[in-house]
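As structure tokens, the structure follows; a few thoughts come after it.
The values are calculated or read from the model by the stated rules, or taken from the named source; none is laboratory data. Quantities reported herein were computed from a predicted structural model and do not represent experimental measurements. Every residue, glycine among them, receives a Cβ derived from its backbone with ideal geometry; neighbour counts consider all protein chains shown. These accessible areas exclude ligands, DNA and RNA; they are computed on the full protein's heavy atoms, side chains included. Shrake-Rupley method; radii C 1.70, N 1.55, O 1.52, S 1.80 Å.
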Amino acid sequence: LIAGLATPAPNDGTRHNTGFAALDALAEAWGCEINKSKWQGLYGIAQVDGRKVMLLKPLTYMNLSGQSIRPRRGIYKIPRNHIIVLCDDIAQEPGTSASGPPVLLAAQRLKSIIASTGGEDFYRIRIGVGAKPRPDYDLADWVLGKFPPDDAKLVTGRHTDVEAACRLLMAGKLGEAQNKFNR
């Protein structure tokens, strides 16, 4: 199960929609349509390296994404270590990413997923969207703002790396994914 996190309202091109954008790139690369609706999410099924992979866009708010992941995990008996979450990360500059286990920075937005799965041992691919420009700048305004064109190119330019990192994580190669793509 690969879940891209975003705000469900139409926010194309915003920093907060980075998870959906990366998931759309995976769907395109893997010839999958994310067009089925169930359990508060849109999803599609892809065949990747001999594995059946569910691509999911939770339609809950980002902080409630676990509500869409929980029923899928239960019905399809998906172990936590077979879940990959794609999300934006303000602690990294645009065009950078980090794959791996939990970090404190992402814990707040992932609380719902942690609670719904009963643990933290699922994978994260955090996609850099950059920090807000000033300490007094409203964080919600920042993440719901659109990327400048140069930053948008940096972020979308990493979609092939997100796909490669997902393939490595699905193959159980966390260390290799971290060594290759954490920058």
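Points worth noting:
- With respect to the conditions (1) assigned to a helix (DSSP H, G or I); (2) modelled with pLDDT under 85; (3) open to solvent by 10 Å² or more (accessible area, probe 1.4 Å), residue 106 lacks only one, and its number is (3).
- Residues in segment 130-172 that are at pLDDT below 90 and among the β-branched types (Val, Ile, Thr): 143, 155, 156, 160.
- Condition met for residue 41 (of a type outside the set (Ser, Thr, Tyr), farther than 14 Å from residue 3 by Cβ and either surrounded by 19 or more Cβ atoms within 10 Å (Cβ to Cβ) or touching a residue at least 12 places away in the same chain (Cβ under 8 Å) (or both)): no
- Among the residues making up segment 145-178, those that are of a type in the set (D, E, K, R) and touching a Ser or Thr at 6+ places or on another chain (Cβ under 8 Å) are 146, 158, 161.
- Flag for residue 47 being open to solvent by 30 Å² or more (accessible area, probe 1.4 Å) and touching a helix residue (DSSP H, G or I) at 6+ places or on another chain (Cβ under 6 Å): no
- Filter result (of a type in the set (Gly, Ala, Ser) and in a helix (DSSP H, G or I)) within segment 150-183: 152, 164, 165, 175, 177
- Among the conditions (1) in contact (Cβ under 8 Å) with a residue 40 or more places away in the chain; (2) open to solvent by 80 Å² or more (accessible area, probe 1.4 Å), the only one that residue 134 does not satisfy is (1).
- Exclusive hit being modelled with pLDDT of 90 or more and over 17 Å from residue 160 (Cα atoms), set 42, 55, 26, 64: 42
- Single residue of 56, 64, 5 found to be touching a Lys or Arg at 6+ places or on another chain (Cβ under 8 Å), among the aliphatic types (A, V, I, L, M) and more than 24 Å from residue 151 (Cα to Cα): 56
- Residue identified as on the phi > 0 side of the Ramachandran plot and not in a helix (DSSP H, G or I) among 44, 31: 31
- Where a residue in segment 157-181 is at negative phi and its partner, wherever it lies, is among the aromatic types (Phe, Trp, Tyr) and assigned to a loop (DSSP other than H, G, I, E, B), with Cβ under 7 Å and at least six apart: none
- Of the listed requirements (1) touching a residue at least 12 places away in the same chain (Cβ under 8 Å); (2) assigned to a helix (DSSP H, G or I); (3) out of contact with any strand residue (DSSP E or B) (no Cβ under 8 Å at 6 or more places or on another chain); (4) under 25 Å from residue 115 (Cα atoms), residue 74 misses just one: (1).
- Residues in segment 67-85 that are modelled with pLDDT of 90 or more, within 30 Å of residue 144 (Cα to Cα) and either acidic (Asp, Glu) or open to solvent by 40 Å² or more (accessible area, probe 1.4 Å) (or both): 1 in all.
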